Amino acid sequence: MARPKKNSSIRQKEFINAAQHLFFSKGYYHTSVKDILDKVNDRSLSPSVFYYYFKSKEDIYHKVMENYIEHYILDLESLVKDDTISFEVKINQGIEIFMKTLEESRLAIHRGPSLDNRFFILDLQDRIMKKMIPLWEIMLKSAPWISSEHIQRMSRYITGGIGEFIYDFVFSNKSIFKDEKELTTYICKYTLDTLKAPEEFCQKVLHTLDHL
């Protein structure tokens, strides 16, 4: 098999960017390896070049989702660590980022029966949770009514619950959530209830959610 002439990291990134655009606009199932090759727009490419970097379409899908989730976490981290904004604003903007992520990735979600994909999703979920727990801990320190002794426990409980709700929505054939908005609303209520947030605060957050 001939090795690609371009720098390996550059070529691989071109494939991942092309695949992400297609997965997010056409959907995983309606995107083929040929579509990805065409999107890269290099007539010198052949399928062998694709398979030099990726084992399969599912393999590049995993790379796309890892890259996408990494940017999602970075956006949340930037928000959470901003000391110039209040807890309420962080919650509201966090909801917006979450909703945007759900809407953007709707078509890209791969719900196939492949065990490799299930294991990948579970592993990705575990990695996300490990990154989200410390972010929640930072976030909750700015909530005026929460005692510092409860922050770690609450952060783990919230992160674990949200992860399970998302997994149910993505993979369950009988999910309790009919769409992304209902999932987000449920997560908000679950989080606010866990935090024992004041009634006035809850009403403000849910009012903001209603207008997204």
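The values are calculated or read from the model by the stated rules, or taken from the named source; none is laboratory data. All values reported here derive from a predicted model rather than from experimental measurement. Please note: Cβ atoms are built from the backbone with ideal geometry, for glycine as well, and neighbour counts cover all protein chains shown. Surface accessibility is based on the protein's heavy atoms, side chains included, excluding ligands, DNA and RNA. Shrake-Rupley method; radii C 1.70, N 1.55, O 1.52, S 1.80 Å.
Out of the total accessible area of the chain (probe 1.4 Å, heavy atoms of protein only), what percent is carbon and sulfur?
Of all accessible area on the chain, carbon and sulfur atoms account for 53 percent.
Pop out the Kirkwood hydrodynamic radius of region 31-126 from its pairwise C-alpha distances, inverse of mean 1/r, in Å to one decimal.
It is 15.9 Å.
May I ask you to compute the full-extension gain from PHE171 to TYR186, defined as 0.36 nm times their residue separation minus their alpha-carbon distance, rounded to one decimal in nm?
Taking PHE171 through TYR186 to full extension adds about 3.7 nm, to one decimal.
Compare PHE169, PHE24, PHE201 in a GNM of the chain, Cα atoms joined below 10 Å, and give the one with the largest fluctuation.
Checking each option, the largest mean-square fluctuation is seen for PHE201.
Give me the compactness ratio for region 91-174, meaning the Cα radius of gyration over 2.2 N^0.38 Å.
In units of the globular-protein estimate, region 91-174 measures up at 1.25.
Just tell me which lysines come within less than 23 Å, Cα to Cα, of LYS196; anything on the same chain fewer than 8 places away is out.
The qualifying lysines are LYS81, LYS90, LYS141, LYS181, LYS204.
Anything in the chain that counts as a DSSP H helix reaching 24 Å or more along its axis (C-alpha) with Kyte-Doolittle mean of at least -1.0? List them, would you?
Span-like helices here: 8-25, 57-80, 87-105, 115-140, 151-171.
Rounded to the nearest 10 Å², what accessible area does HIS71 show when all protein chains are kept and the probe is 1.4 Å?
100 Å²
Percent of Cα-Cα pairs per 5 Å bin, from 0 to the last occupied bin, for region 164-212, please list those.
All Cα pairs, binned at 5 Å, distribute as 4, 21, 27, 20, 16, 9, 3, 0 percent.
Rg over Rh of the chain, using C-alpha atoms and the Kirkwood radius, what does it come to?
My calculation of the ratio gives 1.04.
So if I place +1 on the C-beta of Lys and Arg and -1 on the C-beta of Asp and Glu, and nothing else carries charge, what would the dipole magnitude of region 4-136 be about its Cα centre? I want it in debye, nearest 20.
Its charge dipole is roughly 620 debye.
Compute the distance from the alpha-carbon center of region 167-212 to that of region 5-70, in whole Å.
34 Å
Take the chain, connect every pair of alpha-carbon atoms lying under 10 Å apart with a spring to form a Gaussian network, then pick out the residue of THR185, THR31, THR84 with the largest mean-square fluctuation.
In the Gaussian network model the winner is THR84.
Using square roots of five times the C-alpha gyration tensor eigenvalues, list the equivalent-ellipsoid semi-axes of region 20-87 in whole Å, biggest first.
34, 12, 11
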